[in-house]
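The values are calculated or read from the model by the stated rules, or taken from the named source; none is laboratory data. Everything numeric in this text was worked out from a predicted model, so none of it was measured. In this analysis, Cβ positions are derived from the backbone assuming ideal geometry, glycine residues included, and neighbour counts consider all displayed protein chains. For accessibility, only protein heavy atoms count, side chains too; no ligands or nucleic acids. Shrake-Rupley method; radii C 1.70, N 1.55, O 1.52, S 1.80 Å.
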Amino acid sequence: MKNIVVLVSGGGTNLQALIDSQKNGEITGGKITCVISSKPDAYALERARKNDIKTLVLERKLYKSVADYSRAVLDALNEEKADIVVYAGFMTILDDSVCSAYENKMVNVHPALIPSFCGKGYYGLHVHEEVLRRGVKVTGATVHFVTSECDGGPIILQKAVEVRNDDTPEILQKRVMEQAEWKILPMAVSLLCEDRIQVTDNVAHIID
Ligand code: GAR
């Protein structure tokens, strides 16, 4: 059974999707053993506590550099004996010390179809604001491995979602979460727990 550690910063609806999938028996081969938040008031912490999952707060603003913060997160992941790490709305950058320690073992959910609307500055609601500004008709979500390049790691799963004429960023965000993120994140974590993802030349392949 693999230890899954989930990193969060906010509301934690993606964490909730993982918890629900685990309860429904959809994640075999792994168990969420700890939730680490970069913010002390993240509602995601409450969701973890309600489900008897251990929580830790490593407040980003108490660390003076990305390197210091990355060291603290890496120490915590080692302490928790994490096999798999999931960024579920984790809004903080970690340096290569963490990315290489968890190469092809650490995944992120991004609220757009990478390589569109991704990279520095594209996070949370901003992504959906840009999607509407550009007028694309299809958006979606991506689960990818985390590397030191922001949103640049191998893509594991993607799901498309339609953009409607009367969308606001908030309405679109909700649709992308419901129709894409909450489905493909648990699916990708389950595949990872079952060792069914192989990466060759920066491309992830799912093994049947
Ligand atoms: C989600 O839409 C997630 O994809 C996004 O933030 C939201 C967090 O919601 N993450 C990023 O933008 C990372 N680049 P949640 O806390 O309710 O899961």
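Hey, can you tell me all the residues within the range 29-72 that are closer than 19 Å to ILE84 by Cβ, in contact with a helix residue (DSSP H, G or I) (Cβ under 7 Å, 6 or more places away or on another chain) and assigned to a loop (DSSP other than H, G, I, E, B)? Passing the criteria: GLY29, SER38, ASN51, LEU58.
If you go through the range 181-208 and keep only what is in a strand (DSSP E or B) and surrounded by 14 or more Cβ atoms within 10 Å (Cβ to Cβ), you end up with ILE197, VAL199, ALA204.
Looking at GLU170, GLU178, just one residue is more than 18 Å from the chain's Cα centre (by Cα), assigned to a helix (DSSP H, G or I), within 13 Å of the ligand (Cβ to nearest atom) and not polar (S, T, N, Q), and that residue is GLU170. Here the condition is being open to solvent by 70 Å² or more (accessible area, probe 1.4 Å), over 16 Å from the mean Cα position of the chain (by Cα) and either under 25 Å from GLN173 (Cβ atoms) or in contact (Cβ under 8 Å) with a residue 60 or more places away in the chain (or both); of LYS64, LYS50, it holds for LYS50 alone. The single condition from (1) farther than 20 Å from GLN16 by Cα; (2) within 11 Å of the ligand (Cβ to nearest atom); (3) open to solvent by 30 Å² or more (accessible area, probe 1.4 Å); (4) of a type outside the set (Lys, Arg) that ASP96 fails is (2).
Here's the yes/no breakdown for (1) free of Cβ contacts under 8 Å to residues at least 40 places away in the same chain; (2) within 22 Å of ALA82 (Cα to Cα); (3) of a type outside the set (A, V, I, L, M):
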{"site": "SER97", "(1), (2), (3)": "yes, yes, yes"}
{"site": "VAL109", "(1), (2), (3)": "no, yes, no"}
{"site": "ALA141", "(1), (2), (3)": "no, no, no"}
{"site": "THR147", "(1), (2), (3)": "no, yes, yes"}
{"site": "ASP151", "(1), (2), (3)": "no, yes, yes"}
{"site": "ILE155", "(1), (2), (3)": "no, yes, no"}
{"site": "VAL189", "(1), (2), (3)": "no, yes, no"}
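Residues that are open to solvent by 30 Å² or more (accessible area, probe 1.4 Å), within 14 Å of the ligand (Cβ to nearest atom) and acidic (Asp, Glu) within the range 117-163 comprise GLU129, GLU130, GLU149, listed in sequence order.
When GLY29, GLY25 are checked against the criterion of being farther than 23 Å from ASN78 by Cβ and either open to solvent by 70 Å² or more (accessible area, probe 1.4 Å) or not charged (D, E, K, R) (or both), a single residue qualifies: GLY25. Taking the condition closer than 21 Å to ALA141 by Cβ, within 16 Å of the ligand (Cβ to nearest atom) and either modelled with pLDDT under 95 or not small (Gly, Ala, Ser) (or both), does LEU45 pass? When the stated conditions are applied, LEU45 does not pass them.
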